Amino acid sequence: MEYFKLNNTFRIPKVGMGTNTFGKENNQYDGALNMDIEPYKLAYKNGYRLFDTAKGYRNEKVLHAFIKQEKINRSELIIQTKISSKNVDINDEYKVKEMIEESINYFLGYVDVYFIHHPSTDEENLILWKYLIEYYKTGHIKALGVSNFSVEQINYLIENTGFKPQINQIVSNNSNWNHSLIFDLQKMDILPQAWSPLHVDEAYISMIEPIASKYKKTWAQVLLKAQISRYVSVIPKSHNNLRQQENIDIFDFQLTHEEINTILNIIDK
């Protein structure tokens, strides 16, 4: 595995595993929890050490069960979770702290990266941000992130707390590459992290398959490689053993600048 160093020197794997359907009936996002830890066991066996969850996914307790039942050394894992104003009344300090501490306890004393999941108003974002900073300062959170935030929303947090996020988790795929936002985040020394990086259409797959064939890789592998080659962390998700193996097996080849631009639909100016 290769790592990105965040602006506070904390390191995270370049490739993580999305878990929003893990531990749920029929592997459905809205499915009832069934506490099935097999998807986590499979991902761990295949080399994944970064797991991305959220309060809104309802399955932090499943990841906790995996760690405890499999006797995983917590220091091996990088766990990301998220909270938003949709999950809790942010004006109720007790409830907000109770929810944050629930995550800390699930993950055996600390959360590696804690995000604000969805932006609300600037004022509401700021309230949550200040709570998270408190736990960061005590060492119970190792890095802080935001998800789906604009540069303006991030700047509001920085201007009012002096604290810059380490990560902004955003969409970056064939439906919306988010080139401008990624460029701005990188100028700010905030790591862009792509959720649903493999959400693409058939025409796009056909376009990049010749590049994949050149390297004896799948279209998904060259797409993920292109993203990390431009310093974007990626969080693919799969319940399939082969797909999990393929999505992490991207560190043994290098794409050219022109190929990266083609894959990511970047037009040099």
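For this structure, a couple of remarks:
- Residue count, the stretch 134-176 (criterion: under 30 Å from residue 203 (Cα atoms) and within 16 Å of the chain's Cα centre (by Cα)): 9
- Scanning the stretch 131-151 for residues that are within 20 Å of residue 90 (Cβ to Cβ) and in a helix (DSSP H, G or I) gives 131, 132, 133, 134, 135, 136, 137.
- Residue 163 being closer than 24 Å to residue 78 by Cα, in contact with a Pro (Cβ under 8 Å, 6 or more places away or on another chain) and either in contact (Cβ under 8 Å) with a residue 24 or more places away in the chain or in a strand (DSSP E or B) (or both): no
- Considering the conditions (1) in contact with a Phe, Trp or Tyr (Cβ under 9 Å, 6 or more places away or on another chain); (2) assigned to a helix (DSSP H, G or I); (3) farther than 25 Å from residue 50 by Cβ; (4) β-branched (Val, Ile, Thr), residue 127 is excluded by exactly one of them, (1).
- When residues in the stretch 238-266 are screened for being of a type in the set (S, T, N, Q), part of a helix (DSSP H, G or I) and in contact (Cβ under 8 Å) with a residue 40 or more places away in the chain, 5 of them pass.
- Among the residues of the stretch 219-237, the ones that are assigned to a loop (DSSP other than H, G, I, E, B) and either without any contact (Cβ under 8 Å) to a residue 24 or more places away in the chain or surrounded by 21 or more Cβ atoms within 10 Å (Cβ to Cβ) (or both) come to 3 in all.
- Index of the failed condition, residue 188 passing every other in (1) touching a Phe, Trp or Tyr at 6+ places or on another chain (Cβ under 9 Å); (2) among the aliphatic types (A, V, I, L, M); (3) modelled with pLDDT of 95 or more; (4) surrounded by fewer than 18 Cβ atoms within 10 Å (Cβ to Cβ): (1)
- Counting only residues that are part of a loop (DSSP other than H, G, I, E, B), more than 22 Å from residue 18 (Cα to Cα) and aliphatic (A, V, I, L, M), the stretch 166-203 holds 1 of them.
- When the test is whether a residue is of a type in the set (Gly, Ala, Ser), closer than 25 Å to residue 167 by Cα, touching a Phe, Trp or Tyr at 6+ places or on another chain (Cβ under 9 Å) and buried (at least 16 other Cβ atoms within 10 Å of the Cβ), residue 65 does not pass it.
- In the stretch 1-111, counting only strands (runs of 3 or more DSSP E) that sit wholly within it, the ones holding 1 or more residues that are touching a Gly at 6+ places or on another chain (Cβ under 6 Å) span 50-52.
- Of all residues in the stretch 249-264 being within 26 Å of residue 44 (Cα to Cα) and in contact with a helix residue (DSSP H, G or I) (Cβ under 9 Å, 6 or more places away or on another chain), the one that is surrounded by the most Cβ atoms within 10 Å (Cβ to Cβ): 250
- Residue list for the stretch 111-125, filter: in contact (Cβ under 8 Å) with a residue 60 or more places away in the chain and of a type in the set (Val, Ile, Thr): 113
- Test: residue in the stretch 211-218 that is assigned to a helix (DSSP H, G or I), among the polar types (S, T, N, Q), farther than 18 Å from residue 174 by Cα and without any contact (Cβ under 8 Å) to a residue 40 or more places away in the chain: yes
- For the stretch 79-92, the candidate set comprises residues that are surrounded by fewer than 21 Cβ atoms within 10 Å (Cβ to Cβ) and either among the charged types (D, E, K, R) or within 18 Å of the chain's Cα centre (by Cα) (or both); within that set, the residue that is modelled with the highest pLDDT is 92.
- Subset of the stretch 190-248 [closer than 21 Å to residue 117 by Cβ and charged (D, E, K, R)]: 237
The values are calculated or read from the model by the stated rules, or taken from the named source; none is laboratory data. Bear in mind that the values here come from a model prediction, so they are computed numbers and not experimental data. In this analysis, Cβ positions are derived from the backbone assuming ideal geometry, glycine residues included, and neighbour counts consider all displayed protein chains.
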